[in-house]
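Take a look at the structure set out below.
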């Protein structure tokens, strides 16, 4: 079975500050990992994905995430937060053997303080 | 190109009534998925169509939920009769791959905005 745990349902940072959203996964097989973002009144949009190539993955809008197998983590970071980054972020996992399913975390709402 | 569209965006019904949610995937996408998010919790998989066939329906909560995809184009998800615990946001997603590749890896999943269901 696979699962993801997102630490912190709500994170607030100042504009220009570092964004760090935490995600830990559990998987008995090599995982594929994702970060999705949902802006208000929009569908989920893929930010980035890890598919067993480079462990440091760069995504859209300046976000990146690092796959750390020893820590079973896939934390999302951005060096400098922008007001437009305010949204809800979902970590997700699947695998070759999971066939149809992507397993999502419970989401982290990111707020940006002016 | 139009994205994944879902209708209605919000539905409010009373317990015991029936609701039908519709999803129009991106044209040409053979894979169609339904997910549900209840009360701010995790987004949970419901089922997966490949064209008109149900590839995996292991996430369907119970037999009050019926999903169809006649003709392999749009899909409907009917809840009958609705219960209070069915309230949540129902997301539809589609992807292009014809093969049973890994969702989101072999082809990006495109999500709709969701249909919010409120059961009173």
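The values are calculated or read from the model by the stated rules, or taken from the named source; none is laboratory data. Because the structure is predicted, anything quoted here is derived from the model rather than measured. Every residue, glycine as well, gets a Cβ built from its backbone with ideal geometry; the counts of neighbours run over all protein chains shown.
Just give me the residues in the stretch B:63-120 being within 11 Å of chain A (Cβ to nearest Cβ), free of Cβ contacts under 8 Å to residues at least 60 places away in the same chain and farther than 16 Å from residue B:10 by Cα, in sequence order.
Scanning the stretch B:63-120 gives B:100, B:101, B:102, B:104, B:105, B:106, B:108.
Give A:30, A:40 a once-over and let me know the one that is closer than 26 Å to residue B:34 by Cα, touching a strand residue (DSSP E or B) at 6+ places or on another chain (Cβ under 8 Å) and part of a loop (DSSP other than H, G, I, E, B).
Within the list A:30, A:40, the selection yields A:40.
Is it fair to say residue A:109 is away from chain B (no Cβ under 12 Å), within 16 Å of the chain's Cα centre (by Cα) and part of a strand (DSSP E or B)?
Taking the combined requirement at face value, the residue does not satisfy it.
Within the stretch A:46-66, is even one residue within 24 Å of residue B:89 (Cβ to Cβ) and away from every other protein chain (no Cβ under 13 Å)?
Among the residues of the stretch A:46-66, at least one is within 24 Å of residue B:89 (Cβ to Cβ) and away from every other protein chain (no Cβ under 13 Å), which makes the answer yes.
Can we say residue A:76 is surrounded by 20 or more Cβ atoms within 10 Å (Cβ to Cβ), touching a helix residue (DSSP H, G or I) at 6+ places or on another chain (Cβ under 8 Å) and at negative phi?
Against the criterion (surrounded by 20 or more Cβ atoms within 10 Å (Cβ to Cβ), touching a helix residue (DSSP H, G or I) at 6+ places or on another chain (Cβ under 8 Å) and at negative phi), residue A:76 does not qualify.
Does the stretch B:1-17 hold any residues that are within 27 Å of residue B:73 (Cβ to Cβ), out of contact with any strand residue (DSSP E or B) (no Cβ under 7 Å at 6 or more places or on another chain) and surrounded by fewer than 11 Cβ atoms within 10 Å (Cβ to Cβ), and which are they?
B:1, B:2
I'd like the full set of residues that are under 12 Å from residue A:73 (Cα atoms) and surrounded by 15 or more Cβ atoms within 10 Å (Cβ to Cβ), limited to the stretch A:8-31.
A:21, A:22, A:23, A:24, A:25, A:27, A:31
Residues to consider are A:49, A:101; find the one that is modelled with pLDDT under 95 and not in a loop (DSSP other than H, G, I, E, B).
A:49
Condition first: closer than 14 Å to residue A:46 by Cα and in contact (Cβ under 8 Å) with a residue 12 or more places away in the chain. Now tell me which residues in the stretch A:57-84 satisfy that.
A:59, A:60, A:61, A:62, A:63, A:64, A:65, A:76
Quick one: residue A:1 ticks every box in (1) without any contact (Cβ under 8 Å) to a residue 40 or more places away in the chain; (2) within 14 Å of chain B (Cβ to nearest Cβ); (3) over 16 Å from residue B:104 (Cβ atoms); (4) not in a loop (DSSP other than H, G, I, E, B) except a single one, so which number is it?
(4)
Hey, any hits in the stretch A:11-26 for a residue that's in contact with a helix residue (DSSP H, G or I) (Cβ under 9 Å, 6 or more places away or on another chain) and either closer than 24 Å to residue B:23 by Cβ or free of Cβ contacts under 8 Å to residues at least 24 places away in the same chain (or both)?
no
Table: residues versus (1) buried (at least 20 other Cβ atoms within 10 Å of the Cβ); (2) more than 27 Å from residue A:9 (Cβ to Cβ).
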{"position": "B:35", "(1), (2)": "yes, no"}
{"position": "B:62", "(1), (2)": "no, yes"}
{"position": "B:69", "(1), (2)": "yes, yes"}
{"position": "B:97", "(1), (2)": "no, yes"}
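Report, by residue number, each residue of the stretch B:64-102 that is at pLDDT below 95 and assigned to a loop (DSSP other than H, G, I, E, B).
Result: B:73, B:96, B:97, B:98, B:99, B:100, B:101, B:102.
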